[in-house]
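To start, the structure itself, in structure tokens.
The values are calculated or read from the model by the stated rules, or taken from the named source; none is laboratory data. Quantities reported herein were computed from a predicted structural model and do not represent experimental measurements. Glycine also receives a Cβ, built like all others from the backbone with ideal geometry; neighbour counts cover every protein chain displayed.
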Amino acid sequence: MMLRLKKRPIAAAVLSLIYCAGAYAEDVATDAAQAVTVFGTRQTRQVSEVGKSDIADTAPGSSPLKAISRLPGVNFNSADTYGGYEWGSRISIRGFSQNQLGFTLDDVPLGDMSYRNYNGLHISRAISSENIARAVVSQGTGALGTASTSNLGGTLQFYSLDPSDKAGVNLQQSFGQDSAKRSFVRLDTGLIAGSNTKLSLSFTDQDSDKWRGDGAQKQQQFNSKLVSNFENAKFSAFLNWSDRKEVDYMDQSKDSIRRLGYNWDYYAPNWNTAINSAKHQWASGETSEDDAYYNGSGLREDWLAGATLDYFLTDHASIKTTVYHHNQEGTGTWWLPNPPVVNGTPVLPIALRTLEFNINRSGILSALTIESGIHTFNTGIWYERNDFDNAMRFYAQDSGPSSPYERPSDPYLTRWDYNFQTDTIQFHAQDTLKLSDQLTVNFGFKTPRSTTSIKSYNDTAASFRLNGSLTATKNFLPQAGINFKLNEHNELFADAAQNITAYRGVIKGGASPFDTTQAGFDAVKQTIRPEESITTEAGWRYHDRELESSVTVYHVDFKNRLLALQQGAAIIGNPSILSNVGKVETNGIQGYFAWSPLSRLKWSNSLSYNDSKYKDDFTDNGVIYHSSGKQVVDAPRWIGSSELTYDNGQAFGHVGVNYIGKRYYTYVNDNSVQGYSLWDLGGGYRWKNVGYANELNLSFTVNNVLNKKFFVFGDNPFPSSDAAGTSYNLLAGAPRTAFLTLGAKFK
């Protein structure tokens with residue numbers, strides 16, 4: 001039985017959905033600063049959460065993915081100290097890579113958040129970390145109605161902070177090593193003129209030099225959110241803007257690190273040295289022009305807007321609708337040695353090559369929830385139209401190198417220029433039954449359909465022109481779960497779900513069926529099948545005032561794994577096409593334990609074991625690679641974390657460690673990087689009611705306290721084999737880095 005909705009519409013919505021494991025079970029964001037918790041008591045799925053205070057423990061400007069890395073089963077590592085450098089930051093969960101997970105912000109899809117993203121944007125650009133209220137992670141089976149076509153594995157759902165009921169200003173100024181500076185200001189209007197409407201506005205300006213090499217990583221962001229509460233409804237809307245300009249770090253190999261050192265990077269700003277390298281004239285131990293290029297950068301400008309109406313039809317029925325729009329102009333620059341020449345056009349031994357990404361996508365998702373007796377029924381639909389332009393162009397550099405912070409103009413060659421149009425529609429329905437005070441079950445299904453068409457623009461070179469379309473669809477993808485409450489503190493749960501992923505509509509952006517010739521595309525378009533997974537998990541949860549713990553075991557069958565393979569010898573013109581290379585089987589166990597002996601003190605721990613193995617060999621360019629029985633790339637068997645936090649309202653601090661085990665980066669497991677442990681610490685003090693300020697605060701953060709040397713993977717494709725260690729897939733991790741932050745709050 002629901003509460004009356006007229007007085008407390010938000011509370012009523014929470015109560016109406018608390019037993020529902022569907023898309024909107026975690027919709028209502030909270031301003032509360034909460035610690036890592038095993039979220040979802042009475043949930044039929046494994047769900048974990050980090051709150052605002054956990055994100056605040058990281059260095060200012062850090063990706064919220066750094067805070068999520070404390071959760072069981074989550075593997076996150078990055079080359080920069082913030083975790084915001086997108087080429088060198090990777091997250092995987094239970095053996096599934098980043099582009100096999102689902103991501104949303106206030107229900108708005110962020111796509112697969114890969115570096116060369118074609119259908120979304122990274123969370124670090126979608127919203128400033130200070131404006132995130134919480135992040136919810138479903139490690140195994142995401143909610144049925146999640147707006148994603150990539151969640152073979154889990155889902156990550158981010159929720160923004162609502163404006164405050166009271167007017168106020170929040171100011172923060174941070175300084176750090178490598179000339180790091182970050183300014184953040186947020187204005188809350190409070191309830192405007194006695195109404196139920198409130199608004200928040202914020203601006204962020206961040207700038208830091210690279211920790212190795214020349215160049216900076218810069219970002220400016222504007223975030224706004226409006227919330228209005230009515231008698232039977234809640235309306236919210238946001239408009240966010242981001243302009244990120246980051247100079248890259250040079251990709252490395254084990255061999256190049258041995259010869260050139262841990263801190264080796266691009267040649268910039270030494271233009272003549274780069275020209276000599278293109279002529280194979282080296283003086284620092286290089287043996288190939290691939291050891292270093294002049295420079296590279298990533299430029300992304302994004303606008304993201306969304307509006308949501310929660311409307312309560314009756315005491316037992318509600319409907320929630322979200323509309324959104326995203327626009328992006330993106331460019332990846334790379335100074336290419338020995339570039340192509342067109343019609344004798346004179347160019348230096350180096351040209352600027354770009355990959356250009358323009359996204360224009362809009363969508364709507366709507367869901368109806370009805371409560372009747374023991375049933376909570378939820379059904380909904382999601383539709384998105386994504387218009388994506390993707391091009392590779394070359395720009396002459398005869399007058400010297402262009403700025404890595406600006407998008408160039410007037411190319412001398414467009415190698416390819418494609419338009420992708422993707423229409424996605426997904427329906428879901430499920431029923432959650434509270435059979436007793438102890439037993440809750442739910443079952444449902446979804447029907448995704450995603451059609452992507454590609455067409456070539458006129459300036460595309462003849463040999464690169466490609467036209468056609470592909471559809472990824474499944475008429476019935478089931479999900480079911482059960483929760484049994486043993487007593488006040490203990491409960492058991494189990495669930496299973498089937499998922500597929502849509503085809504990637506992008507060139508040079510991972511496993512895409514369109515990244516080939518017309519002949520290669522025609523050869524597979526009738527036989528290719530989307531990647532598919534079946535996930536099952538079961539677990540136990542315990543919760544009381546001092547202790548919180550959970551243990552989950554899981555099994556995943558992943559089939560139709562797609563990999564771009566050369567069909568015969570490349571030298572005679574055979575294309576590389578996307579091929580089905582078989583199955584992956586995953587088995588694992590993960591645990592979480594948190595102890596709060598005092599209300600101000602908490603000790604949190606997680607430990608995960610994940611065994612993900614390929615089940616088949618494959619043939620590439622006539623060579624058989626024996627990958628069967630090998631561990632999945634970038635899928636460590638062991639992940640662990642431990643953190644001690646203290647906060648008495650004035651003094652606060654934390655110290656923690658994250659361990660990532662050994663990770664292979666070849667499909668035959670003939671090369672790897674070793675595991676590592678990174679320690680972080682921080683602390684500070686708050687002074688209340690100082691002059692006009694309600695609060696003044698001073699805090700510090702130190703990342704990688706022990707100055708550990710470690711390696712992460714960039715966004716290059718993983719090689720089949722690299723016994724000699726010559727594949728440029730590695731990036732050196734950032735050394736110890738310290739930050740100091742001054743803050744003030746006025747209300």
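Annotations
- TYR262 falls short of the stated requirement of being crowded, with 21+ Cβ neighbours inside 10 Å, part of a loop (DSSP other than H, G, I, E, B), of a type outside the set (D, E, K, R) and in contact with a strand residue (DSSP E or B) (Cβ under 8 Å, 6 or more places away or on another chain).
For every residue, the table says whether it meets (1) charged (D, E, K, R); (2) touching a helix residue (DSSP H, G or I) at 6+ places or on another chain (Cβ under 6 Å); (3) buried (at least 19 other Cβ atoms within 10 Å of the Cβ).
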residue	(1), (2), (3)
GLU384	yes, no, yes
PHE388	no, no, yes
PHE394	no, no, yes
GLY400	no, no, no
GLU406	yes, no, no
ASP410	yes, no, no
ASP423	yes, no, no
PHE427	no, no, no
LEU435	no, no, no
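- Test: SER160 is farther than 30 Å from GLU532 by Cα, among the small types (Gly, Ala, Ser) and without any contact (Cβ under 8 Å) to a residue 40 or more places away in the chain: no
- Of all residues making up segment 679-696, the number that are surrounded by 17 or more Cβ atoms within 10 Å (Cβ to Cβ) and out of contact with any Gly (no Cβ under 8 Å at 6 or more places or on another chain): 1
- Subset tally (residues that are touching a residue at least 12 places away in the same chain (Cβ under 8 Å) and either polar (S, T, N, Q) or assigned to a loop (DSSP other than H, G, I, E, B) (or both)) for segment 649-690: 15
Yes/no matrix, rows are residues, columns are (1) modelled with pLDDT of 95 or more; (2) part of a strand (DSSP E or B); (3) touching a helix residue (DSSP H, G or I) at 6+ places or on another chain (Cβ under 9 Å):
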{"residue": "VAL441", "(1), (2), (3)": "yes, yes, no"}
{"residue": "THR447", "(1), (2), (3)": "yes, yes, no"}
{"residue": "SER450", "(1), (2), (3)": "yes, yes, no"}
{"residue": "ASN458", "(1), (2), (3)": "no, no, no"}
{"residue": "LEU470", "(1), (2), (3)": "yes, yes, yes"}
{"residue": "GLN479", "(1), (2), (3)": "yes, yes, no"}
{"residue": "PHE493", "(1), (2), (3)": "yes, yes, no"}
{"residue": "ALA496", "(1), (2), (3)": "yes, yes, no"}
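- Close pairs (6 angstrom Cβ cut-off, 6 or more residues apart or separate chains): over 29 Å from VAL581 (Cα atoms) in segment 536-564, assigned to a strand (DSSP E or B) and among the charged types (D, E, K, R) anywhere: ARG541/GLU491; SER550/ARG541; THR552/GLU537
- Members of segment 337-371 that are at pLDDT 95 or above, surrounded by fewer than 21 Cβ atoms within 10 Å (Cβ to Cβ) and out of contact with any Ser or Thr (no Cβ under 9 Å at 6 or more places or on another chain): ASN358, ASN360, SER362
- As for segment 188-210, it holds at least one residue that is within 25 Å of TYR405 (Cβ to Cβ) and assigned to a loop (DSSP other than H, G, I, E, B).
- Enumeration of residues in segment 142-166 that are of a type outside the set (A, V, I, L, M), in a loop (DSSP other than H, G, I, E, B) and in contact with a helix residue (DSSP H, G or I) (Cβ under 8 Å, 6 or more places away or on another chain): SER150, ASN151, GLY153
- Residue satisfying all of: in segment 266-286; part of a loop (DSSP other than H, G, I, E, B) and small (Gly, Ala, Ser); nearest to THR333 (Cα to Cα) among these: ALA268
- Any helices (runs of 4 or more DSSP H) falling wholly within segment 17-131 and containing at least 2 residues that are more than 22 Å from GLU491 (Cβ to Cβ) and modelled with pLDDT under 90: 52-56
- For beta carbons closer than 6 Å, sequence separation of 6+ or different chains, a first residue in segment 490-515 that is over 18 Å from VAL556 (Cβ atoms) and in contact (Cβ under 8 Å) with a residue 40 or more places away in the chain and a second that is surrounded by fewer than 24 Cβ atoms within 10 Å (Cβ to Cβ) and of a type in the set (Asp, Glu), the qualifying pairs are ILE507/ASP515.
- Residues of segment 291-322 satisfying the condition of being more than 23 Å from SER114 (Cα to Cα) and surrounded by fewer than 20 Cβ atoms within 10 Å (Cβ to Cβ): ALA307, LEU309, TYR311, LEU313, THR314, ASP315, HIS316, ALA317, ILE319, THR321
- Given (1) part of a strand (DSSP E or B); (2) surrounded by fewer than 20 Cβ atoms within 10 Å (Cβ to Cβ); (3) in contact with a Phe, Trp or Tyr (Cβ under 9 Å, 6 or more places away or on another chain), index of the condition ASP178 fails: (1)
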